Amino acid sequence: MNTIEISQVSFQSINSFFDGFNFVDDTKHIQKYISFIQEASLCYQNIIHQIYDANKEETVGFIALSTTREVDDISGVLVEFLYLKPDYRGKIDNVSQQKYSYIALDYIIVTAIEIQKKIAINHIYLVPIDNKVRKIYNRYGFENIPGSGSNEFEDYMVFNLLDEDPTIL
């Protein structure tokens, strides 16, 4: 039985959802970015998905998703933010024996495949918050796109949803 449930947060519940978090252990930069994510979700610019551990009866994080054409003008799903509470970062769920971050990434892939059935997208993009997180995404299967950001620390990573990428010549 999977005890991690991930579901979309309704537009009407966004503010109360974010009020349920205490971001004091996060850096000022992360706190500011979370405020931006919350505001953008209120303007229908992204969709927030709650990560809930039913075994512990606790929300452990969230995912902010949108679509983009920012990366080489190729449409894709953009992971604007994958947030886990500090106590869950790098940790393994006792029931599934998977890292919480990998459970969230699995959900993102499944969601992107569902979106792919409706609109033409073949990629998932994200910008890691730091090089340590970049290595985690790299181990999961994301690839670096050097020179895609405004500086080397903002370079995008991509996960290809296709078996063979037709955009690579």
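Students often check this: by mean Cβ neighbours within 10 Å, which of 84-94, 124-134, 19-29 ranks highest, and how do the rest follow?
In decreasing order of mean packing, 84-94, 124-134, 19-29 become 124-134, 84-94, 19-29.
With just the Cα atoms of the stretch 1-57, tell me how far they stretch along each of the three principal axes, in Å, largest first.
36, 27, 15
Taking a temperature of 25 °C and a viscosity of 0.890 mPa s, what whole-number D in µm²/s does Stokes-Einstein yield for the chain with Rh from Kirkwood over alpha carbon pairs?
D = 147 µm²/s.
Between residue 5 and residue 69, how high is the FRET efficiency from 1/(1 + (r/R0)^6) when r is the Cβ-Cβ distance and R₀ = 30 Å? Nearest 0.05.
In this case the efficiency is close to 0.45.
For the chain, set up a GNM with springs between Cα atoms under 10 Å and report which of 15, 151, 55 has the largest fluctuation.
Of the options given, 151 has the highest mean-square fluctuation.
Could you calculate the contour length gain from residue 136 to residue 96, that is, 0.36 nm times the residue separation minus the distance between their Cα atoms, to one decimal place in nm?
Additional length available on full extension: 12.5 nm.
Could you give the longest part of the chain that holds none of the GluC sites (Glu not before Pro) found in DSSP loops with at most 12 neighbouring Cβ atoms within 10 Å?
58-163
Could you pull out the pairs from 91/117; 91/118; 32/117; 28/91; 56/117 whose alpha carbons sit more than 29 Å apart here?
91/117; 91/118; 32/117; 56/117
Pick out which of 66, 16, 41 has the largest mean-square fluctuation in a Gaussian network model of the chain, springs linking Cα atoms closer than 10 Å.
Result: 16 has the largest fluctuation of those listed.
Express in nm, to one decimal, how much length is gained between residue 44 and residue 27 on full extension, taking 0.36 nm for each residue of separation and deducting their alpha carbon distance.
3.5 nm
Only Cα pairs under 8 Å and at least 6 apart count here; give the relative contact order of the stretch 4-121 as a rounded whole percent.
Result for the stretch 4-121 is 20 percent.
Could you give the DSSP H helices of the chain that reach 18 angstrom or more along their long axis (alpha carbon positions) and whose average Kyte-Doolittle hydropathy is no lower than -0.5?
What comes out of the filter, once short or polar helices are dropped, is 28-42, 100-116.
Read-outs throughout are calculated quantities, based only on the coordinates presented, and are distinct from any laboratory measurement. In this text, all values refer to a predicted model and were calculated from it rather than measured experimentally. Ideal geometry is used to build each Cβ from the backbone, glycine not excepted, and the neighbour counts take in all protein chains shown.
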